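Chemist: Pasting a structure below so you can have a look.
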Amino acid sequence: MAYNPLQDVPLSGKTQVTDYSRWRLAVTQDGRHTWHYLQNDEECAKWPQVALDKYWLGLPLDLPALPPAKDPLSAARNGYTFYKHLQAEDGHWPGEYGGPMFLMPGLVIGSYVTGMPFKQEEKKEMIRYLLNRAHPDGGWGIHVEGDPTVFGTALNYCVMRILGVNAEHPTLVKARGCLHKLGGAAGIPAWGKFWLSILNVYDWEGNNPVPPELWVFPDWLPFHPHRWWIHTRTVYIPMSYLYGIRYKMEENDLILSLREELYPQNYYSIDWPSQRNNIAAADLYMPHTTVLDTLYLILGAYESCAIPPLRRAALDKCYKLVVNEDENTGYQTLGPVSKMMNLIVRAHVDGTESEAYRLHMETRDDFLWLGADGMMMTGTNGSQLWDIGFISQALVETGLAKEEENRDSLIGALKWLEMAQIKEHPKHFEVSYRHPTKGAWPFSTRTQGYTVSDCTGEGLKAVLYIQNDVAGAPKLVSYRRLADAVDILLGMQNSDGGFASYELIRGPGWLEWLNPAEVFGDIMIEHSYPECTTSVITALSIFKKHYPDYRHKDIERTIHRAVEFLHKSQRPEGGWFGSWGICFTYATQFALESLSLVGETFETSEYARKACKFLISKQRADGGWGESYKSCEVGKWVEHAGTQVVQTCWATMALMYAEYPDPEPIERAVKLVMSRQRADGSWAQEAIEGVFNKNVAIAYPNFKFSFTIWMLGRAHHYLENLKNKANG
Ligand code: LAN
């Protein structure tokens, strides 16, 4: 196998290990991105490196300084002049979707155990990435900004070793020290126990049961896994298969050696069953409930006498669901974790010569991203739709869309949006417990093909804005297809009036008591989110304005109930808690956007007033806002050490949605954001912007362009209006 130890691992991630002038980002098909390393000068001459490549590689773009911005609108224009360089030829904006530190372990362990090789350059850059991300105290956290945990450290330690790094490398010596100080790998959380067991460096007996049998229970049962949050069940399918067969890699020297390195105690003396509920203090975010622990005792007893025919039937059903998922998503699968687990199942059942294995290998590239600090595994196969949705609306709302020099770029975006809408339901639809998809927009690409409520909302809004508000824009998405998107949205409202992420809430709230993952919050069922709810209501409101006849009553009723949900979910302090972005600034921006569309503003609504007061109370002396990712963990505002441009934009947008009457806080925020703009129109990367499952931060680096441009452009008009009003 092609896992020869690398001879030339540098001591520091700062050392160059591949020639960055040779990397190219290929954008193909439906917005798919993959990085390629060109082998010689001839290839490089044929495929020149462009600004888009250079930007994400962290190479200088050498763009000329722009005329200094004299007002917020010209600052927004300068921002877009820069951001246009990052638009791919097919019209969308690729981006680096990193942050979580528990994804590359799945990638590397899954590839190792199935014999799927990496290119030499990829291996070198993955190592460099982990060298760069190592915590100063040693080890790695659950995400790039987090403190070291056993989950992050033990798994990434294995990654480094599999990739060929010597155990005596200083970074690994330090990581090992950190791991042992945290108690060693025995206390790794459930998903870590799983990956280590696959690798055969943790005994399966140390895992709580993951029985596949639940899948053969009748669908009407309230705890049937098809009712779980889609990410949890999609991971649980291959996981329970692999648990059911106790899949493990054959022993080899590396594995024997890892068994010594990962544990302070003797591996062979560990009492495995008593490790099942041993979770290191540094990792524990969501402790097990007593209900879950009791259930585990029962399931544990069942494991010792599992009925073979039932297990066989359950494994068969899981395998079928894995195949359906692969085929429904062009082998992307829903996300990065299921991607690698599905691969192991397919390699095990279909073999490494199979078409399934080949297709998994091809699409594994979609999750590899090369950044300035090396190569990582991304949170999805990109955030294509999400990013294009915001910048498209920003262009239209600021008026930049009307400017001749932006026309091609805007039409490019519209073409991409048209292409990305999902035109059919999934191939395996009801049998895979899938939600309808015809008319929806996904988060990343059409091929991945999952409906997401707010992505459908933002996609629909972006198309409506360009097609209806920009003179001469072609109507690429027909009325019927816009109506299909509306049908999808109308079908996604929960009984509490809110909207969840991918589907309706399918299961009872008490299923959260069975959350087994220890490191993620609220993952068992869907929940209604203010952010998702907003994207849906704003999209419906705008659609209704242009097409008042289509399902008018349904739309009105849906909006009304959704607004009630927003009222109910406002926190007593005045903000809304964000589940997908950090944190209160993010969700409050969305909520106030919704309220503004039904006429609720500072003047007219107590909800909006309270929200504005909350935001104003958090504005800093420099005019900006700064909120830590910790807000999402603890559910309360936690100040960030530094002011953040992106959060400043969210808070300012929120104030403008609410028509905050005093221009002063907005002017100060504008000044702050303009002061941080660089001469070429760009902004520097600051702290991480996004989050999921309460405990994991994830990067949205394109936000520093879309929301700055949007806020500055809007603020320009907003402040002028206020001035005009004041002058009578
Ligand atoms: C995402 C990314 C986008 C995000 C929004 C559209 C922003 C949100 O409003 C709805 C939920 C959604 C689609 C979302 C859900 C969870 C994802 C897919 C992620 C945060 C990206 C990565 C994460 C996924 C769960 C990572 C894999 C980890 C597991 C625990 C399975």
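The values are calculated or read from the model by the stated rules, or taken from the named source; none is laboratory data. Nothing here was measured: the structure is a model prediction, and the numbers come from that model. So basically every Cβ, Gly included, is an ideal-geometry build from the backbone, and we count neighbours across all protein chains shown. Side chains are part of the model used for accessible areas, which takes the heavy atoms of the whole protein and leaves out ligands, DNA and RNA. Shrake-Rupley method; radii C 1.70, N 1.55, O 1.52, S 1.80 Å.
Chemist: Please work out the FRET efficiency for the pair Glu260 and Trp510, using the Cβ-Cβ distance as r and a Förster radius of 41 Å; give the result to the nearest 0.05. Working shown, then result.
Modeler: Working: r = 43 Å, r/R0 = 1.04.
Taking R0 as 41 Å, the efficiency between Glu260 and Trp510 is 0.45.
Chemist: Please give the FRET efficiency for Ile245 paired with Glu362, using the beta carbon to beta carbon distance and R0 = 30 Å, rounded to the nearest 0.05.
Modeler: Working: r = 26 Å, r/R0 = 0.86.
Plugging the Cβ-Cβ distance into 1/(1 + (r/R0)^6) gives 0.70.
Chemist: While we're here: Among the lysines, which have Cα under 23 Å from the Cα of Lys119 when same-chain residues fewer than 8 positions away are ignored?
Modeler: Lys14, Lys46, Lys54, Lys339
Chemist: Quick one: check the C-alpha center-to-center distance for the range 92-164 versus the range 365-399, whole angstrom.
Modeler: 20
Chemist: Keeping all protein chains in position, work out how much accessible area Lys568 exposes to a 1.4 Å probe, and write it in Å² to the nearest 10.
Modeler: 140
Chemist: Cα atoms only: what Rg and Dmax, in Å, come out for the range 183-264?
Modeler: Computed over the Cα atoms of the range 183-264, radius of gyration and Dmax are 15.0, 48 Å.
Chemist: Would you please classify the overall shape of the range 374-429 from the alpha carbon gyration tensor, given that a ≥ b ≥ c denote the square roots of the eigenvalues, rounded means a/c under 1.5, and beyond that prolate means a/b larger than b/c while oblate covers the rest? It would help to have the intermediate numbers written out before the result.
Modeler: Working: a/c = 2.83, a/b = 1.51, b/c = 1.88.
Taking the square roots of the gyration eigenvalues as a ≥ b ≥ c, the range 374-429 is oblate.
Chemist: I need the phi-derived Karplus couplings for the range 437-451: 6.51 cos²θ - 1.76 cosθ + 1.60, θ = phi - 60°, integer Hz, Gly and Pro marked x.
Modeler: With the stated coefficients, the range 437-451 comes to 10, 4, x, 7, 10, x, 6, 10, 10, 4, 5, 4, x, 9, 4 Hz.
Chemist: Suppose the Debye formula is applied to equal point scatterers at every Cα of the range 184-328; what is log10 I(q)/I(0) at q = 0.15, 0.18 Å⁻¹?
Modeler: Each listed q maps to, in turn, -0.85, -1.17.
Chemist: If the chain between Val291 and Glu639 were fully stretched, how many nm would it gain, using 0.36 nm times the residue separation less the Cα-Cα distance? Numbers along the way, then the final one.
Modeler: Values: separation 348, 0.36 × 348 = 125.28 nm, distance 3.55 nm.
Roughly 121.7 nm would be gained on extension.
Chemist: Rounded to the nearest 10 Å², what accessible area does Asp30 have for a 1.4 Å probe in the complete protein model?
Modeler: So the heavy atoms of Asp30 present about 10 Å² to solvent.
Chemist: Sticking with this structure for a sec: Using a 1.4 angstrom probe on heavy atoms only, work out the carbon and sulfur share of the accessible area of the range 179-276 in %. The partial results should precede the final answer.
Modeler: Working: 1920 of 3530 Å².
Within the range 179-276, the accessible surface is 54 percent carbon and sulfur.
Chemist: Could you order Trp215, Trp220 by accessible surface area, starting with the largest, using a probe radius of 1.4 Å? Spell out each step's value before the answer.
Modeler: On the way: Trp215 5, Trp220 180 Å².
Largest to smallest exposure gives the sequence Trp220, Trp215.
Chemist: With each label point set 7 Å from Cα along the Cα-Cβ vector, what nm distance links Glu720 and Ser617?
Modeler: Once both label points are built, they end up 3.6 nm from each other.
Chemist: Measuring from label point to label point, each 7 Å out along Cα→Cβ, what is the Glu168 to His567 span in nm?
Modeler: Distance between the two pseudo-spin positions: 7.1 nm.
Chemist: What residues from the range 418-439 fall in the zone where the backbone N is under 18 Å from a label point 7 Å along the Cα-to-C-beta line of Tyr550?
Modeler: 418-425, 436-439
Chemist: Give the lysines whose C-alpha is closer than 16 Å to that of Lys438, dropping any in the same chain fewer than 8 places away, or say none.
Modeler: Lys423, Lys427
Chemist: Please report how far the C-alpha centroid of the range 211-275 lies from that of the range 16-72, rounded to the nearest whole angstrom.
Modeler: 41
Chemist: Would you calculate a helix-derived [θ] at 222 nm for the chain, using -39,500 (n - 2.57) for each DSSP H run of n ≥ 4 and dividing by the full residue count, to the nearest 500? Don't skip to the end; give the middle numbers.
Modeler: Working: 26 runs with 343 residues, N = 728.
That comes out to -15000 deg cm²/dmol.
Chemist: Just to check, using Stokes-Einstein with a Kirkwood Rh over alpha carbon pairs, what's the diffusion coefficient of the range 568-679 at 4 °C and 1.567 mPa s in µm²/s?
Modeler: In µm²/s, the coefficient is 94.
Chemist: Another question about this same structure. Starting from one equal scatterer on each C-alpha and no solvent at all, send me the Debye-based log10 I(q)/I(0) for the range 1-142 at q = 0.09, 0.10, 0.20 Å⁻¹, two decimals.
Modeler: Summing over Cα pairs of the range 1-142 leads to -0.39, -0.48, -1.39.
Chemist: When the Karplus curve 6.51 cos²θ - 1.76 cosθ + 1.60 is applied with θ = phi - 60°, which whole-Hz ³J(HN,Hα) does each residue of the range 538-554 get, with x for Gly and Pro?
Modeler: Rounded to whole hertz, the list is 5, 5, 5, 4, 6, 4, 4, 4, 8, 10, x, 8, 7, 6, 3, 5, 4.
Chemist: Arrange the residues Leu199, Leu476, Leu297 by how much accessible surface each exposes, largest first, with a 1.4 angstrom probe.
Modeler: Numbers: Leu199 0, Leu476 65, Leu297 135 Å².
Highest to lowest solvent-accessible surface, that is Leu297, Leu476, Leu199.
Chemist: Students often check this: by mean Cβ neighbours within 10 Å, which of 455-466, 504-515 ranks highest, and how do the rest follow?
Modeler: The peptides rank, most packed first, as 455-466, 504-515.
Chemist: If you take the C-alpha gyration tensor of the chain, multiply each eigenvalue by 5 and take the square root, what semi-axes do you get, largest first, in whole Å? Intermediate results must be reported in sequence, preceding the final value.
Modeler: Numbers: eigenvalues 337, 178, 126 Å².
Equivalent-ellipsoid dimensions as semi-axes: 41, 30, 25 Å.
Chemist: Next question, about the same structure. Pop out the ³J(HN,Hα) list for the range 231-237 in order, Karplus 6.51 cos²θ - 1.76 cosθ + 1.60 with θ = phi - 60°, rounded to Hz; leave Gly and Pro as x.
Modeler: 5, 5, 6, 6, 7, 4, 4
Chemist: Quick check on packing: order 530-542, 675-687 by the mean number of other C-beta atoms within 10 Å, highest mean leading. Provide the component values of the computation, followed by the final result.
Modeler: Details: 530-542: 25.8, 675-687: 17.2.
Most protected by this proxy first, the peptides run 530-542, 675-687.
Chemist: Something else about it: Order 128-134, 430-436, 184-190 from most to least packed using the mean count of other Cβ atoms within 10 Å.
Modeler: Values: 128-134: 22.6, 430-436: 17.0, 184-190: 25.4.
Those peptides, ordered most packed to least, come out 184-190, 128-134, 430-436.
Chemist: Leaving out ligands, DNA and RNA but keeping every protein chain, what accessible area does Met419 have, in Å² rounded to the nearest 10, with a 1.4 Å probe?
Modeler: Accessible surface of Met419 is approximately 40 Å².
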